[in-house]
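Right, one structure below, let's go through it.
Since every read-out is calculated from the coordinates, none of them should be taken as a lab result. Predicted model only: the values in this text are computed from it and were never measured. Cβ: placed from backbone, ideal geometry, glycine included. Neighbour counts: every protein chain shown.
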Amino acid sequence: MTINPYAPPIAVDAIGYDSDGRTYYVYKTAALTFGELWRLSPTTLGFVIVAGMKCTGTSLPSQNAIAADSTLRLWEDEVQPVAMQRLMPAMDANREMGFEHAFYYTVPCLGMNLICAAAETSSDRQTIAVHVYARTEVPPVIDERCQSAFLSTMHDGTLLATSNGKRELIGPSHIFAEHYFQMPTPELYARHEERLKNSTSQANRIESTDDVQAVLQKNEGENFRFHLDRGFYVEASKAELIRLAKAGADKRAMMQTVPNARPIVTFMRVLFVALGLSWLIGSRQFFDSMLLVFAVVWVIYVVSRLVRRMARRGD
């Protein structure tokens, strides 16, 4: 039995995949710029914390390790159901605009992360559409994101990318990216076509699925090497791999005990807000009641995880 809760299925084909083994990498937040840390931080307090850690040369603990240079092609029935469900709306919208499906692919992860993507080609063969679903689980928090990007390689060696994801990390100088957060894919594609028309260089044609694979291999590889050279990606040590494998196994056990943790997460957030409001309005009785409920729910959650972990060890 694999120790990776999101182990990818057997590869049908691979982009830079070595069947004899993979090298996993963890991220080091201390290598990021303050601007990148600001864009990545969900709150001001979070930014203050990671910025302070950067000043001391320390990084946040990695929650996953990825084989960033070992992207795997997948058949449709090998795609995780949750990923397919999130990817389908954007794929359906693109199909109405004449896009053709090329293939699905994933990046092998160790820990608490799932990455799955779909690649498509436009009817004029000038643009590749990539829809990416990423899911990170650090119980009890589940972070999901699904975003699309339109890519065109140009005769002058540059890449035009138009994405509806947030601008977070910087990239190689040959990639000219624009970000329109949560823009619907039809509007996003219209903006990408406008950029192509205004470009001083012509777009390269994408004639086959092999061309799609070659473009993704080249540009994802260059992006990976860019972040590797700047120190953001670092090869994971044996101790880190063991820690992440154990964290992934514990997460899987928790998810088997509580198949859908999202309602619990939402309920605990509501309780936390209620605690804050009761403290602000000065209602001691209400505060004590909410604190008790919060404590009970948290104890039940922790005990369920411990029971499941002990059961796994017993097996």
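When +1 charges are put on Lys and Arg Cβ atoms and -1 charges on Asp and Glu Cβ atoms, the dipole computed for the range 14-238 relative to its Cα centre reaches about 800 debye.
Pairs of Cα atoms nearer than 8 Å and 6+ residues apart set the relative contact order; for the range 65-176 it is 19 percent. Each other residue within a Cβ distance under 11 Å of Val26 adds +1 if Lys or Arg and -1 if Asp or Glu, for a net charge of 0.
Shape class of the range 137-197 from the alpha-carbon gyration tensor: oblate, with a/c at 1.5 or above and b/c at least as large as a/b.
Counting only lysines at least 8 places from Lys197 when in the same chain, those with an alpha carbon closer than 27 Å to its own are Lys166, Lys218. Count Lys and Arg as plus one, Asp and Glu as minus one, and take only other residues whose Cβ is under 11 Å from that of Thr121; the net charge is then -3.
Let me know the volume per residue of the alpha-carbon convex hull for the range 94-211, in Å³. Numbers along the way, then the final one.
Values: hull volume 14.2 nm³, N = 118.
Considering the Cα atoms of the range 94-211, their hull volume per residue is 121 Å³.
Given a cut-off of under 8 Å on Cα pairs at least six residues apart, what relative contact order in percent is computed for the range 14-238? Relative CO of the range 14-238 lands at 20 percent.
The Cβ shell under 14 Å around Ile206 holds other residues with a net charge of -3, Lys and Arg each +1, Asp and Glu each -1. When you filter the chymotrypsin sites (Phe, Trp or Tyr not before Pro) in the range 30-132 for DSSP loop state and at most 16 other Cβ atoms inside 10 Å of their Cβ, you are left with Trp75.
If you take the alpha carbon atoms of the range 14-238 and fit the smallest convex hull around them, that volume is 137 Å³ per residue.
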